[in-house]
1. Which of Asp241, Asp198, Asp57 moves the most in a Gaussian network model of the chain with Cα springs under 10 Å?
2. Mind giving me the nanometre distance, one decimal, between the label points for His39 and Ala5, set 7 Å out from Cα along Cα→Cβ?
3. Heavy-atom accessible area per residue, the range 127-177, 1.4 Å probe: how many Å²?
4. If you find the alpha carbon centre of the range 16-38 and of the range 132-161, how far apart are they in angstrom?
5. Give me, ordered by chain and number, the residues 5 or more places off Val158 or on other chains with an amide H under 5 Å from its own placed amide H.
6. Could you please put Lys66, Lys83 in sequence from largest to smallest accessible area, using a 1.4 Å probe?
7. Tell me, what HN-Hα J-couplings in whole Hz come from the Karplus equation 6.51 cos²θ - 1.76 cosθ + 1.60 at θ = phi - 60° for each residue of the range 235-241, using x for Gly and Pro?
8. Could you list which residues have their amide H under 5 Å from that of Val150, counting only those 5 or more apart in sequence or on another chain, with H placed in the peptide plane?
Amino acid sequence: MAYMAQKDLANTEVDCVRARQIADGVHSVQDAIAQAESHYGRKAESVTLLAATKTRDVGEIMAALKAGVRVIGENRPQEIVAKAEILRAEAAREGLSVGVNGEIPLYLIGQLQSNKINKVLPLANGIQSVDGIELAQKISARAQNLGLCVDVMLEVNVSGEATKSGCAPERAIDEAFAISSLPALNLHGFMTLGARVDDETIVRSGFAKLREIRDCVSKQLVQDYDGSSVKLELSMGMSGDFAWAIAEGSTMVRIGSAIFGPRAFV
Ligand SMILES: *Cc1c(COP(=O)(O)O)cnc(C)c1O
C-alpha cells in the first residue's frame, strides 16, 4: 500500500479549514439521506450513515465524528491496525467510544485475507465483506479461540462485474444460512457494491436483488427461531448511488468522497 508510506494515518492534527470541510460534507450527506428517505417513502432515520474512511487519518476521522458520524468503515486490515487504538484514545477525549464494545462501531468493509483475521478481530465490531462460507468458517474458528462473537455481512456481487468481490446472487441464500449456523458468528446482513454504470434502472435492479435475498433469508430465520424477528441490515449505496440504494431499501449507506472529498490515493 504505497499511500501508507506517504501519509501518516495515525496523525491526529487537522486544521480548522479541513475540519470545517469535513463537517460540511457530513451535514450535506445527512441532509441528502433525509431527503431520499422522505422522497422514496422510507421512514425518517431508517438509514444509517457509515463513513468510509480509507486513506483518511485519525484527525480527519475525528472531524467526521464531531460532526455527527456514528459508524465507521475501513477497507484494509492494515489501516485498521494503524488507526484503531489512536482513534479510540482521541475519541475518548471527546467522550465518544469507538470500536469493540463502543457506541460507535468500526467495520471492515474491504477484502480480508485469512492471514489478517487475527489482527482485525480484536479491533473491529464486524466484517461486512464476507464472500462465503469458506472465509466465514475461518473467521468463526478464530473468533472462538479469542472468545468473541463477530457480526458479519455476506457480500453479494449483484452486478456480476468481474472486478467486484462477493458471492454470486444465486448462491447467496444458501451461503447466508450456512453462515448463520456458525457458532461464533452473527449474521448481521448483506452488503453489495452497486453496478458501475449511470443507468438508474440497472443500478436499482441490483440493489433490489439484494433486498429480495435479505427478505427471503430474514423470513426463514424468523421461522427457525420461533417468531422472534431477526433484523438483517442492507449495506448498500456509496457517494454516487446512495439515493437509489435508499429507494430500494438500504439500511446503511457507506459514504467516503461525499464526506471527505476526492481521495488522493487509490
Ligand atoms: C470506498 C468505499 C466506499 C465509499 O466510496 P465513495 O464512493 O467514496 O463514497 C464504500 N464501500 C466500500 C466497500 C468502499 O471500498
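1. For the chain, modelled as a Gaussian network with Cα springs under 10 Å, the answer is Asp198.
2. 4.4 nm
3. Numbers: 2290 Å² over 51 residues.
Value returned for the range 127-177: 45 Å² of accessible area per residue.
4. Taking the Cα centre of each part, the range 16-38 and the range 132-161 sit 32 Å apart.
5. Leu193
6. Numbers: Lys66 130, Lys83 5 Å².
Greatest to least solvent exposure: Lys66, Lys83.
7. Ordered by residue, 3J(HN,Hα) equals 8, 8, x, 10, 3, x, 9 Hz.
8. Counting only residues 5 or more places away or on other chains, the set is Leu185, Asn186.
The values are calculated or read from the model by the stated rules, or taken from the named source; none is laboratory data. All figures in this text were calculated on a predicted structure; none of them were measured in a lab. Cβ coordinates were reconstructed from backbone atoms using ideal geometry, including for glycine residues, and neighbour counts include every protein chain displayed. Accessible surface areas use protein heavy atoms only, side chains included; no ligands, DNA or RNA. Shrake-Rupley method; radii C 1.70, N 1.55, O 1.52, S 1.80 Å.
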